[in-house]
Amino acid sequence: MKINIGVSTASLYPLHVEDAFAELARLGVKCAEVFANSTREAGEPYISQMCEIRDRNGMTVTSFHPFSSPMESVFLFSTYDRRIEEMIELYTGFFGSMNKLGAKVFVLHGAILSSKCTVSHYLNQFRMLSEVGREYGITVAQENVHYCLSGRLEFLKMMKRELGDSAKFVLDLKQARRSGENPLEYVDALGGSIVHCHLSDGDESRDCLPVGKGKFDFSAFARKMFSHGYNGAFIVELYRDNYGEFDELKSSVDVLSEIVDKIN
């Protein structure tokens, strides 16, 4: 089974997105998630620049993560119609850019814990954005984020139960650790609804490390994912202060590739 293994441009912040993408290409990374750090970076000329780098280096873009996640509580998940319409318009434009990049998964954080968004409203808004995404061939996927409503496995299980096939998820290992939950329990509970992964290593004192620098059992994780039919990407996503040189990003990809190859 062919699994795309790559790196998020977010890992190279604060490099501009096209420079981060070019650096991943220089490192020999063949798969990437694009993290846009501004509205402008989700449009031209930056999208075309990344497409040119992608084609010249034989790369694949799997997913897109917007900087606007912190705005989702007061826009998409509010009850104020004009703000909702404004964010749908913004994200629709992002979906068009994703089609140019070839990215199929849109990463959503959702409403923060302190928001007043009710469960029923959250489900309605997620369903609405998912339907817009489908019109563009895009899968809107809910990420588990420890400071959001999505930071608890029970909330994600509720989404899966209530939304059925419309519920798709991004599993982020470091966010599961920050929520104090076992990532493997997410896999068992959400199974085939997980369409994308953000991977990092960790140990007793650090929740985000390059792959191979901590104690997480990636072999057990990959086997469990594959047992549920996972065929999405494994994307390394680190914070810039969690590693030293950019080469560590490529090393993380290489370690994951070796693990997956042994399983397959």
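The values are calculated or read from the model by the stated rules, or taken from the named source; none is laboratory data. Treat the numbers as computed from the prediction; the structure is a model and nothing was measured. Counting neighbours? That spans all protein chains shown, and the Cβs are built from the backbone with ideal geometry, glycine included. Ligands, DNA and RNA are excluded from the accessible area calculation, which covers all protein heavy atoms including side chains. Shrake-Rupley method; radii C 1.70, N 1.55, O 1.52, S 1.80 Å.
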*So which residues in the range 165-179 are among the acidic types (Asp, Glu) and surrounded by 24 or more Cβ atoms within 10 Å (Cβ to Cβ), if there are any at all?*
172
*Within the range 180-223, which residues are closer than 18 Å to residue 247 by Cα and either out of contact with any Lys or Arg (no Cβ under 8 Å at 6 or more places or on another chain) or open to solvent by 10 Å² or more (accessible area, probe 1.4 Å) (or both)?*
199, 209, 210, 211, 212, 213, 214
*Taking residue 80 as meeting all but one of (1) aromatic (Phe, Trp, Tyr); (2) farther than 15 Å from residue 145 by Cβ; (3) in contact with a Phe, Trp or Tyr (Cβ under 9 Å, 6 or more places away or on another chain), write down the number of the exception.*
(3)
*Can you name the residue in the range 119-147 that is among the charged types (D, E, K, R) and in a helix (DSSP H, G or I) and is also surrounded by the fewest Cβ atoms within 10 Å (Cβ to Cβ) among such residues?*
135
*asked:* Just checking: which of the helices (runs of 4 or more DSSP H) contained wholly in the range 175-264 hold 2 or more residues that are among the polar types (S, T, N, Q)?
replied: 218-227, 247-263
